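First the structure, in the form of structure tokens, and then the observations on it.
The values are calculated or read from the model by the stated rules, or taken from the named source; none is laboratory data. Note that this is a predicted model, so its numbers are computed, not measured. Please note: Cβ atoms are built from the backbone with ideal geometry, for glycine as well, and neighbour counts cover all protein chains shown.
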């Protein structure tokens with residue numbers, strides 16, 4: 001989940017709810033970017049992409065917190081495979097846009113086209129879009145209990161993390177995975193984020209953003225501030241989101257008693273996170289962990305990193321991504337969980 | 001270039017028996033004449049010393065400090081120590097330093113303190129440490145991140161150095177590696193120490209579920225070498241879970257160090273820290 005069900009718009013349509021972003025080195029000399037949407041796909045959410053949706057991987061190449069390069073993915077209407085209403089297929093198109101086109105619109109050079117489920121390979125670019133296992137792991141019940149204790153009792157409830165149940169086990173998402181030669185992005189240290197926008201008859205409207213894991217679910221409890229985050233880009237994050245991040249983490253660390261100066265700790269958190277983008281040294285071993293943020297590999301246990309950062313207390317939720325569902329090669333997401341494997345899981349609460 | 005200054009006692013009177021000499025060590029160095037030694041208390045922690053770099057809370061100053069444990073590195077009470085504090089291209093040399101309280105302001109406004117300060121040990125007990133602290137105007141330092149480290153020179157040309165707390169933690173359990181480390185300049189660290197440090201990290205029991213210990217060790221070794229404490233004065237300072245940017249007196253670093261080392265949260269560790277103060281040296285003095 002890092003961002004499952006986090007805004008009214010995306011709760012209404014999970015197809016444009018970006019759950020997670022991954023960015024890592026694939027085969028040598030190639031970089032993989034992956035975005036997941038549809039939390040609990042096939043159970044609580046559709047297993048399709050929105051045909052008015054514009055799914056974008058955005059890259060800041062020069063440190064100005066604005067995108068100089070964007071990979072845009074669009075989908076066609078849902079068709080039924082073999083006239084089976086339960087088997088969906090959509091055509092997709094991937095474009096690479098630089099300069100002004102990176103910021104807005106659907107323009108860009110076509111890199112690949114294909115169909116969901118089967119993927120595509122063209123111009124040395126591999127693309128997969130379709131149902132996939134959710135590689136995120138986290139104890140959602142513990143997080144809810146933690147937030148409840150915070151909001152209603154003004155209490156730091158470290159004990160809730162003893163629950164140790166991965167809410168996301170055996171659940172699926174829909175993933176868009178692109179692997180391409182690293183030089184098609186650039187070189188050196190870059191910053192990435194993902195957006196989902198609506199782009200149809202009306203002007204383009206961004207409805208969802210993913211910059212770092214669990215920004216909204218853990219660090220921004222205020223719904224209005226979450227909407228600001230989801231509707232904007234990272235360039236103004238320090239001004240628009242920094243105070244909320246600082247205030248929240250100052251409060252949590254203060255209640256935890258983990259620092260004699262909670263306000264200063266809050267400032268340090270805001271400075272660390274803003275602008276909210278995923279940094280990555282292209283071509284390096286990706287890891288989102290306690291030593292630093294450098295891309296994000298599929299098996300990274302990001303929940304522990306963020307709840308620890310929120311409180312300045314070493315916290316662990318006791319669960320980790322299901323690494324048996326990670327492939328060593330493209331598309332890196334293993335097979336989606338089957339209905340038989342999912343027997344007994346409770347639909348995710350929206 | 002060498003400059004000489006006479007230090008002032010706490011009452012403001014100069015004392016010819018306690019002279020400071022400023023010499024170049026990159027840019028700046030301070031030496032103090034030997035003064036009566038205090039008696040160290042018994043060792044209470046495995047750490048030999050702690051390095052600090054932070055922005056002063058009340059002034060636009062940068063503070064660089066080294067706190068030494070009683071009888072650091074096996075030195076006896078009467079063996080003189082000389083300390084060189086490095087921050088980027090700047091260096092302050094103190095020594096053979098006086099262990100009694102000494103506080104001076106140099107002509108360029110740089111403040112120097114040597115003396116005992118208070119701290120708490122991992123088990124919460126009160127203890128003392130000897131502190132060498134320098135506060136200098138932020139304008140005197142170049143922009144960007146500074147690599148901060150300290151050299152401690154003991155009797156018989158023995159040398160140690162302290163930089164990144166994660167490296168210090170690793171060295172505390174490996175005398176041979178510590179000896180090799182002590183002989184090097186940080187510029188040689190990557191070439192000479194990377195493989196050994198990575199092996200030390202990989203040998204630790206990982207606390208994470210499914211953490212790839214080899215990949216983690218290799219990446220972490222690359223992050224912590226050269227062995228310096230990284231400090232960007234333009235950003236909030238602190239060695240915390242929010243960022244590893246310098247270190248302040250009150251930072252409780254053990255949980256952070258061990259969590260970074262094993263790649264997974266290590267709760268319930270000790271609360272060893274120093275007591276902060278609002279005025280220079282920004283550490284609570286023993287007296």
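Within the stretch B:235-268, the set of residues being in a strand (DSSP E or B) and more than 9 Å from chain A (Cβ to nearest Cβ) comprises B:239, B:247.
When residue A:330 is tested against (1) crowded, with 21+ Cβ neighbours inside 10 Å; (2) more than 8 Å from every other protein chain (Cβ to nearest Cβ); (3) in a loop (DSSP other than H, G, I, E, B), just one condition goes unmet, and that condition is (1).
Within the stretch A:92-110, the residues that satisfy the criterion of being at pLDDT 95 or above and surrounded by 16 or more Cβ atoms within 10 Å (Cβ to Cβ) are A:92, A:93, A:94, A:95, A:96, A:97, A:101, A:102, A:108. Could we say that residue B:210 is within 8 Å of chain A (Cβ to nearest Cβ), within 28 Å of residue A:162 (Cα to Cα), touching a strand residue (DSSP E or B) at 6+ places or on another chain (Cβ under 9 Å) and at pLDDT below 95 here? Judged against the criteria, residue B:210 is not a match. Of the residues making up the stretch A:165-191, just one is touching a helix residue (DSSP H, G or I) at 6+ places or on another chain (Cβ under 8 Å) and either surrounded by fewer than 16 Cβ atoms within 10 Å (Cβ to Cβ) or farther than 27 Å from residue A:278 by Cα (or both), namely A:165. Against the condition part of a loop (DSSP other than H, G, I, E, B) and within 12 Å of another protein chain (Cβ to nearest Cβ), how does residue B:217 come out, does it pass? Criteria not met by residue B:217.
Please return the ranges of strands (runs of 3 or more DSSP E) entirely within the stretch A:240-315 where 1 or more residues are under 21 Å from residue B:166 (Cα atoms) and within 11 Å of chain B (Cβ to nearest Cβ).
Details: elements: A:278-281, A:287-289, A:292-294.
By residue number, A:287-289, A:292-294.
When residue A:321 is tested against (1) within 19 Å of residue B:259 (Cα to Cα); (2) assigned to a loop (DSSP other than H, G, I, E, B); (3) more than 9 Å from chain B (Cβ to nearest Cβ), exactly one condition is not met: (3).
If the requirement is being in contact with a strand residue (DSSP E or B) (Cβ under 9 Å, 6 or more places away or on another chain), at negative phi and more than 8 Å from chain A (Cβ to nearest Cβ), which of these qualifies: B:184, B:193, B:180, B:223?
Criteria check complete, one pass: B:184.
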